[in-house]
Amino acid sequence: MRLSHLFKAQVAIVLALLIFAGCSAMTGRQTAGSAANDTALTTKVKSSLLADSVVGGLALDVDTTEGVVSLNGIAKSEQERQRAIQVAQSVDGVRRVDARNLVVQR
């Protein structure tokens with residue numbers, strides 16, 4: 001009987017260790033709070049872009065991950081591209097702007 005309790009305790013410890021290892025493997029994922037902050041930042045950036053006279057009509061995809069804003073789309077000119085980057089950088093809470101996928105139409 002005592003051996004049975006010892007075995008159950010060992011199984012419980014092994015399961016707890018496996019669960020802990022699985023959770024620590026997922027540390028690269030966003031928390032719910034971080035995802036909510038990113039969603040709010042995306043909304044602020046999109047609103048700022050729409051309100052801007054230079055880039056207001058520019059169709060851009062805006063994504064945010066851990067405060068890094070990614071701008072994706074096609075700008076009509078280099079001036080429009082640079083202004084979109086500037087507007088995104090000016091939003092409070094934006095850590096960095098990635099505009100690799102914001103290209104100028106040729």
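In the stretch 57-84, the qualifying residues are those that are small (Gly, Ala, Ser) and surrounded by 13 or more Cβ atoms within 10 Å (Cβ to Cβ), and the one that is nearest to the chain's Cα centre (by Cα) is 67. Candidates are the residues of the stretch 28-56 that are among the charged types (D, E, K, R) and not in a helix (DSSP H, G or I); the one that is surrounded by the most Cβ atoms within 10 Å (Cβ to Cβ) is 52. Filter the stretch 85-97 for residues that are surrounded by fewer than 16 Cβ atoms within 10 Å (Cβ to Cβ) and on the phi < 0 side of the Ramachandran plot and give the result. Scanning the stretch 85-97 gives 86, 89, 90, 92, 95, 96.
Each reported figure results from applying straightforward, stated rules to the coordinates on display, with no laboratory input. Quick caveat: nothing in here was measured; it's all calculated off a predicted structure. Reconstructed Cβ throughout: ideal geometry from the backbone, glycine too, with neighbour counts over all protein chains shown.
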